[in-house]
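Notes for the one structure printed next.
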Amino acid sequence: MSDDTKTRDTLDVWVAGTEEPQFTPTDEGAQEMALHETESRLDEELGRVVDDDYLFEDVIDEDERMILNMGPQHPSTHGVLRLQIELEGEIIRRTKPIIGYLHTGMEKTAEQLNFSQGGTNVTRMDYLAPFHNELAYSLAVEKLLGMEVPPRAMAIRILLTELNRCSSHLVALATNGMDIGAISMMIYGFREREQILAFFEKTTGLRMNHNFIRPGGVAADLPPGWKDDVADIIEQLPKRLKQYDDLLENNPIWLSRTRHVGVISAQEATAYGITGPALRAAGVDWDLRKAFPYSGIEQYEFEVPLGENGDVYDRYRVRVDEIMQSLHIAEQVMDSMPKGDYRVDDRKITPPPRARIDESMEALIHHFKLFTEGFKVPPGETYVAVESPRGELGCYLVSDGQASPYRMHTRAPSFANLQALPIAMADSLMADTVATIASMDPVMGDVDR
Amino acid sequence: MSEENGTVDEVVVEERALPENTILRSLFEEFEDIIWELSHGQDVASVPRERWAEFGESAKAAGFEVCVDVTAVDWMRQRPDRFEIVANLLSMQHRLRLRMITTAPREEPSVASLVPIWPGANFAEREVYDMFGVTFEGHPDLTRILMPDDWEGHPLRKDFGVGSVPVQFKESNRVS
């Protein structure tokens, strides 16, 4: 037999009820520690030590990874964005954006339309910033034509695009707020946007998809009383923005859900070609209005707001500050609006005034030729970019001398910015997904075109 | 030949056009066979297809840290090489833009991918592949991006018709 049986003491055999009661001497009132408890565990339970339970140190088994499909029908994907998210517990490891659900072949359509019809096409791409699309397209056509538009047309273009930047950023703030749970922001943002859209409707006849900025100038002059409307917007909006700050700036829930969430560093932003508020929130001082001024924006004074951390909060902050700067530009444009024609006086490009058609045969012919054939553009290629609310909006235009573009390509800012979504979301919590998407402010019409 | 006459013809070396900007100039001086031209005041580099990625790397080293856009143009029969691939580069530190253009042949068009140099070229190159059928060697995930995965053809090619998709209207045979 083994040694164990030999050395076994009879006292080791336990008989119920025979043991001596054992008490450890303690301080009065103190509780005895349970046998399985340790000091470190107690610290955790009492909250003296906080352990981030979502940070896995070990390698997780393949079986424990889960692929979650989000969208394309999801209210917080801002349209028809679909994400495939690879999860480890609650942490996102990898993300794959799947796009194309709104693809309507606008670049192909542009080849069928002539140059003057093209505006109706491009204005539907980024439907929250239609004026910027029209401006990029018109500037590209004008560059191929080698044409300069009159100062008043340039000023009207700047006024409309800067107000458009405000309305687009207001939607971004509104949806960003709603996605995080600040439902009031949704109502507020859209309320303020309505005032700007009312001005657009008065000016262009439509709230969106204006086709107002056209090759050769703008479609019509500003309506009577436009100064009062713009002055009203400039007076009202800062007050409302102050309300947003009161609502959100000291709100601990808002701050903890936006600070250090969805961080994109400056290096990542440049490597992935991110532009616009997302780039500036990372602290990169880059604004096309300063770097490559267009449409005479260099004569107005404004600053480029910058963030520091490149997180959701900074992108929100940059947008609010950009609205203020855009209003500042709009104010300067309003005060210094040049007099003169609102489009070039070239009958081969712009249609004659309605009154002339009744009295002049040439005017009638020009009108007829412009609206049946359109104008021809000399062969060449060019790339023109403007600073849209979402970043660099470029138009690459190739003409082979015909009346319609040989190739029209739009460099869509949302399309490029969406590439950074997997970077911003990697190793973050699932709950931060919607905050990150909303802060990138993708417009699916712009992404898919 | 001129040797018979005992004279040597002067070899006329045509001055190669180079940009005035010092950064661009030193970049173009690195490459003998890359043509610089101005297109409406914008710098354009015509790059041979074999040196596409090589020129890209030098451009990045010269300070072009952002690849803004990659796109293509289908010239059908108008040019010997059917496809033209266009990349728009941006240098934030020097406030410069540069467009690099190369060509790809009709049969199996393919160029080197710019994704190893600029990760931001990823989606843009996928779009070019989707729309034109130009493949990019070395691209990590060259799949369709805008069109459905089972789509046949490449829509932005000039021989891809418009409005030839059958629709379920009453008299759809009249269209097509």
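Any read-out appearing in this document is the output of simple, stated calculations on the displayed coordinates, not a laboratory observation. Everything numeric here is computed off the predicted structure, so don't read it as measured data. Using ideal geometry, Cβ is built from the backbone for each residue, glycine included, and neighbour counts are taken over all protein chains shown.
Miscellaneous remarks
- Residue-averaged beta-carbon neighbours from other chains (10 angstrom radius) around A:417-429: 1
- Here, P(r) means the percent of Cα pairs in each 10 Å bin from 0 to the largest distance; for chain A it is 4, 18, 25, 20, 11, 7, 4, 4, 3, 2, 1, 1, 0.
- Dividing the convex hull volume of the alpha carbon atoms of segment A:122-241 by its residue count gives 94 Å³ per residue.
- Local electrostatic count, A:ALA266, Cβ distance below 11 Å [Lys/Arg +1, Asp/Glu -1]: -3
- Chain A: calculated mean residue ellipticity at 222 nm from DSSP helix runs of at least 4, using -39500 (n - 2.57): -13500 deg cm²/dmol
- Surrounding net charge for B:GLY41, when Lys and Arg each add one and Asp and Glu each subtract one, Cβ distance under 15 Å: -2
- For the residues of B:64-75, the average number of beta carbons from a partner chain within 10 Å of their own beta carbon is 6.
- Full extension of the segment from A:THR104 to A:GLU86, taken as 0.36 nm per residue of separation minus the current Cα-Cα distance, would add 3.6 nm.
- Start at zero, step by 5 Å, and the Cα-Cα distances of segment A:63-171 spread as 2, 10, 13, 15, 14, 13, 10, 8, 6, 4, 3, 1, 0, 0 percent across the bins.
- Taking the convex hull of Cα positions in segment A:147-206, its mean projected area over all directions (nm²): 4.8
- Taking chain A and dividing mean pair separation by its residue count, relative contact order in percent (alpha carbons under 8 Å, at least six apart): 23
- Residue-count net charge about A:HIS78 - beta-carbon cut-off 11 Å; Lys, Arg +1, Asp, Glu -1: -3
- Scattering from segment B:95-148 was approximated by placing one identical point on each alpha carbon and applying the Debye formula without solvent; log10 I(q)/I(0) at 0.15, 0.29, 0.31 1/Å stands at -0.43, -1.24, -1.32.
- Debye intensity ratio I(q)/I(0), log10, segment A:214-278, q values 0.12, 0.16, 0.24 Å⁻¹ (C-alpha model): -0.70, -0.87, -1.00
- Under Karplus coefficients 6.51, -1.76 and 1.60, residue-wise ³J(HN,Hα) of segment A:346-359 in Hz, glycine/proline x: 10, 5, 7, 10, 10, x, x, x, 4, 5, 6, 5, 6, 10
- Set against the 2.2 N^0.38 Å expectation for a compact globular protein, segment A:333-449 has a Cα radius of gyration ratio of 1.63.
- Shielding by partners, peptide B:118-126 (average Cβ within 10 angstrom, other chains): 6
- Among the DSSP helices (H) of chain A, those spanning at least 18 angstrom by Cα along their long axis with an average Kyte-Doolittle hydropathy of 0.0 or more are A:130-145, A:151-180, A:183-204; this is a geometric and hydropathy rule only.
- Cα centroid separation, segment A:215-251 to segment A:97-176 (Å): 20
- Amide H contacts under 5 Å for A:GLY216: none, restricted to partners 5 or more places along the chain or on a different chain, H placed in the peptide plane at 1.01 Å from N.
- Only Cα sites of segment B:32-168 enter the Debye sum here, all with the same form factor; the resulting log10 I(q)/I(0) across q = 0.10, 0.20 1/Å is -0.34, -1.21, listed in q order.
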